[in-house]
Amino acid sequence: MASKPLKQAVIAPSMLALLYPLDGEVKGYSREQFLKDLCDECEKDIRMCFKAGAARVSIDFTEGRLACRNDPRNPWTGRKMLDSFIALNNRVIDRFSPAERKNIGIHTCPGGDCDSTHSADVDYAELLPSMFRMNAGYFLIQLASEPDKERVYKLIGQYSRADANGVPQVCFIGVINPQNPRVETPQEVCDDLVLASRYIPKDRLGSTDDCGFSPFSIDVKPKHGSPDAARDIAFQKIAARVKGTKMASERLGL
């Protein structure tokens, strides 16, 4: 019997929108027509994932944090595009019912291929107030590698919504750092979740891994020594997250 995926990731409409020229229009194909077609195809993408058996579909929004900085390698950064990104993504998300959006999520991170990042220097305070305006049912938030995790927990608790157009926003915080070969202990994972529960309602709090286990087949994982070593470490880290999350659930009475 073929196995079915628990979660499937898709590219955000906001990222795909960057295929259209930043300035001007393509002759015979207006920007608005492009965006309409894009939203239609992104909706189809998500619905096909569910039809294929995915329990949840996560929209990869790694460009969100990058939109908050001016990176000379990316001409669209520094143009204050975050609000338009949020609005465009909601054009797709809002086509789904609250029951459907409960299982449609947003992934945010500063990048993670080859043990590197593209926007880790951007303050989460610049992203999170806008990000939670998207009417998604859950969020996967890179957090284990943040220098001040408690401050980000506070921001998440402040800006995530108990009612996002009919669906509560569940926040899965990163408790595992795939870019560091050191394996976190279950106790460390538990402690992070218990601390986060001071600011994020327990019924809307969960755990996840930061991105970067092996996002691309050519990912050499330089800090880990080799992709094979990184794979072994990845399973140890995942096991620690599962055990630590169970410990936190027991401490929090869940």
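Laboratory data are not the source of any read-out in this text; all were calculated from the coordinates shown. Bear in mind that the values here come from a model prediction, so they are computed numbers and not experimental data. Neighbour counts run over all protein chains shown; Cβ positions are idealised from the backbone, glycine included.
Of note:
- Based on alpha-carbon atoms, the Kirkwood radius and the radius of gyration of region 127-254 give Rg/Rh equal to 1.00.
- Computed Rg/Rh of the chain, alpha carbon atoms with Kirkwood Rh: 0.97
- Reachable aspartates and glutamates from residue 221, criterion Cα separation under 17 angstrom, eight or more residues apart if same chain: 113, 115, 209, 210, 232
- C-alpha long axis of helix 186-196 to longest principal axis of the chain, angle in °: 60 degrees
- Value of relative contact order over region 188-248, rounded to a whole percent, pairs C-alpha under 8 Å and six or more apart: 56 percent
- Using the Cα coordinates of region 185-249, the gyration tensor eigenvalues translate into equivalent-ellipsoid semi-axes of 28, 12, 9 Å, sorted from longest to shortest.
- Helix-derived mean residue ellipticity, 222 nm - over the chain, DSSP H n ≥ 4, -39500 (n - 2.57), to 500: -11500 deg cm²/dmol
- Simple Cβ-charge dipole of region 151-254, Lys/Arg +1 and Asp/Glu -1, about Cα centre, in debye nearest 20: 220 debye
- Calculated FRET efficiency for the pair residue 125/residue 226, C-beta based, R₀ 51 Å, to 0.05: 0.85
- A Förster radius of 22 Å combined with the Cβ-Cβ distance from residue 19 to residue 40 puts the calculated FRET efficiency at roughly 0.90.
- Only Lys, Arg (+1) and Asp, Glu (-1) charged, at Cβ; region 7-251 dipole about Cα centre in debye: 540 debye
- Antiparallel DSSP beta bridges within the chain, as percent of all bridges there, nearest 5: 5 percent
- Shape category assigned to region 27-157 from the gyration tensor of Cα positions, a/c cut at 1.5: oblate
- Separation of alpha-carbon centers, region 184-254 and region 11-87, rounded to whole Å: 29 Å
- Cross-link pairs 149/202; 27/102; 27/80 - those with Cα-Cα distance over 28 Å: 27/102
- Region 7-251 - percent relative contact order, Cα under 8 Å, separation 6 or more: 17 percent
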